[in-house]
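Step one of this worksheet: look at the structure below.
The values are calculated or read from the model by the stated rules, or taken from the named source; none is laboratory data. Remember, it's a predicted structure, so these values are computed and weren't measured experimentally. Backbone-built Cβ (ideal geometry, glycine too); neighbour counts: all protein chains shown. Please note that ligands, DNA and RNA were not included when accessible areas were found on the heavy atoms of the full protein model with its side chains. Shrake-Rupley method; radii C 1.70, N 1.55, O 1.52, S 1.80 Å.
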Amino acid sequence: MEGLKIKPYPYQEEGIRKELELKRCINGDDMGLGKTLQSIAAVATAGAVPCLVVCPSSLKINWQREIEKFTHLKALILTDSVKSTFPYFLSIKLYDVVICNYESLRKYFVLEAKKGFRLKDVVFQPCINLFKSVIIDESHRVKDPSSQQSKFVMGICRGKEYVYLLTGTPVVNRPSDLASQIAIMGRIGEFGSYGKFIN
């Protein structure tokens, strides 16, 4: 595997190869098996940077640490102090990865979204076009297609070549939990449509 500072376990190498082959997929490995490593290794090997990592707030530091421990990529956690400058940092290749928590997606990536909006009503910041890949950690958090976070993630991921969803629990309550996650990957059409998948 190119661009890695460590040698992954054989099962992790298999996971990395599969992610590179599929490009848009769910990694549903159990906790502790290295979903983080596999996904950042796939992004690094593919050269799919800049990359956006969307994760729970409590995991941002962990993601930054692991990215810089396992690869030669530089990671930036989005904060108010870099809100206006991070797109420039990405454009001059100062950083390869930006990390954002779910609750801050609107702040950094959305220009306009009216109350009770649909995805087609959302106006995104132009900076979302910089990203060549998106990693969505704990992706079961976007299982509800009507939630703001799901709509923002869906809009950001649209048209991206590499989209990796990471979760140990892809189905939380019912099989329909998968529908929104598959749609975010841009693969719901393989099931006919969202409605057909639900049926």
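Among the residues here, Val153 qualifies as β-branched (Val, Ile, Thr), part of a helix (DSSP H, G or I), closer than 16 Å to Tyr102 by Cβ and touching a residue at least 40 places away in the same chain (Cβ under 8 Å). In segment 60-78, the residues that are at pLDDT 95 or above form Cβ pairs under 9 Å with partners that are basic (Lys, Arg) and assigned to a helix (DSSP H, G or I), at six or more places apart or across chains, as follows: Ala75/Arg65; Ile77/Lys60; Leu78/Lys60; Leu78/Lys107. Can you find a residue in segment 71-81 that is in contact with a Gly (Cβ under 7 Å, 6 or more places away or on another chain) and of a type outside the set (D, E, K, R)? Taking every residue of segment 71-81 in turn, at least one turns out to be in contact with a Gly (Cβ under 7 Å, 6 or more places away or on another chain) and of a type outside the set (D, E, K, R). Here the condition is being over 17 Å from the mean Cα position of the chain (by Cα) and hydrophobic (A, V, I, L, M, F, W, C); of Leu78, Leu52, Leu94, it holds for Leu94 alone. A Cβ distance below 7 Å, combined with a sequence gap of six or more or placement on separate chains, defines the contacts here; from segment 118-131, residues that are open to solvent by 50 Å² or more (accessible area, probe 1.4 Å) reach residues that are in a loop (DSSP other than H, G, I, E, B) in the pairs Asp121/Ala113; Asp121/Lys114; Leu130/Pro50. The one condition from (1) within 30 Å of Lys7 (Cβ to Cβ); (2) touching a Phe, Trp or Tyr at 6+ places or on another chain (Cβ under 7 Å); (3) of a type in the set (A, V, I, L, M, F, W, C); (4) open to solvent by 40 Å² or more (accessible area, probe 1.4 Å) that Leu111 does not meet is (1).
Of all residues in segment 1-25, which are free of Cβ contacts under 8 Å to residues at least 24 places away in the same chain and part of a loop (DSSP other than H, G, I, E, B)?
Residues of segment 1-25 free of Cβ contacts under 8 Å to residues at least 24 places away in the same chain: 7, 10-11, 13-15, 17-18, 21-22.
Selection gives Lys7 alone.
If the condition is being open to solvent by 10 Å² or more (accessible area, probe 1.4 Å), outside any helix (DSSP H, G or I) and either in contact with a Ser or Thr (Cβ under 7 Å, 6 or more places away or on another chain) or farther than 19 Å from Phe86 by Cβ (or both), then segment 50-67 contributes only Pro56.
Among the listed residues Ser176, Ser139, Ser180, which satisfies the condition of being under 13 Å from the mean Cα position of the chain (by Cα) and either open to solvent by less than 10 Å² (accessible area, probe 1.4 Å) or modelled with pLDDT under 90 (or both)? First the steps, then the outcome.
Values: Ser176 fails: under 13 Å from the mean Cα position of the chain (by Cα); Ser180 fails: under 13 Å from the mean Cα position of the chain (by Cα).
Step by step, each of Ser176, Ser139, Ser180 is checked, and only Ser139 is under 13 Å from the mean Cα position of the chain (by Cα) and either open to solvent by less than 10 Å² (accessible area, probe 1.4 Å) or modelled with pLDDT under 90 (or both).
Against the test of being assigned to a loop (DSSP other than H, G, I, E, B) and of a type in the set (Phe, Trp, Tyr), the options Tyr108, Tyr88, Tyr95 yield a single qualifying residue, Tyr95.
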